[in-house]
Amino acid sequence: MSTVIVFSNFPDYQVARECADKILKKKLAACVNIFDGCTSVFRWQGKVEIASEIPVFFKTTTEVYNQLEIELANLHPYDVPEIISWPIEFGFQPYLDWIVENVEIPKSNK
């Protein structure tokens, strides 16, 4: 199995925490990092917007990415949530093994 980091921004800490808890309970990620916050500047519906957001990293595997994306999209309050992923190309192997051991492929995907 290969490991990935999935990134999303949330409107506030409470929403990010609730989403993290639900994702972890479903074993779609081994670890979730919730950051203090950032300022996002972006174009939305033809206007430049500025918002305070909470960045969140989900550590998971490629095998559960699709299910994680579906869950995040369903849980997320944004119309078009930012859900992006990139592979972990290199890392401390015992940590990468721990990610794999703590993520579970949903039965419907096996």
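The values are calculated or read from the model by the stated rules, or taken from the named source; none is laboratory data. This is a predicted model, so every value here is computed, not measured. So basically every Cβ, Gly included, is an ideal-geometry build from the backbone, and we count neighbours across all protein chains shown.
Odds and ends about this structure:
- Residues in segment 74-101 that are in a strand (DSSP E or B) and exposed (fewer than 13 other Cβ atoms within 10 Å of the Cβ): I84, W86, P87.
To keep it simple, each residue is scored yes or no on (1) surrounded by 13 or more Cβ atoms within 10 Å (Cβ to Cβ); (2) in a strand (DSSP E or B); (3) among the aromatic types (F, W, Y).
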| site | (1), (2), (3) |
| --- | --- |
| K59 | yes, yes, no |
| Y65 | yes, no, yes |
| L72 | yes, no, no |
| V103 | yes, no, no |
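- Taken as a whole, segment 51-63 holds no residue that is out of contact with any strand residue (DSSP E or B) (no Cβ under 8 Å at 6 or more places or on another chain) and among the polar types (S, T, N, Q).
- The condition (being closer than 20 Å to N102 by Cβ and at pLDDT 95 or above) is satisfied by just one residue among E71, E53: E71.
- Within segment 64-101, being in contact with a strand residue (DSSP E or B) (Cβ under 8 Å, 6 or more places away or on another chain) and either charged (D, E, K, R) or over 25 Å from Q45 (Cβ atoms) (or both) holds for Y65, L68, E69, E82, S85, W86, P87, I88, G91, L96, I99, V100.
- Selection over segment 1-57 of residues that are surrounded by 15 or more Cβ atoms within 10 Å (Cβ to Cβ), among the aliphatic types (A, V, I, L, M) and in a strand (DSSP E or B) gives a count of 7.
- Close pairs from segment 8-26: first in contact (Cβ under 8 Å) with a residue 12 or more places away in the chain, partner assigned to a strand (DSSP E or B) and loosely packed, with under 15 Cβ neighbours inside 10 Å, Cβ under 7 Å, at least 6 apart: N9/S40
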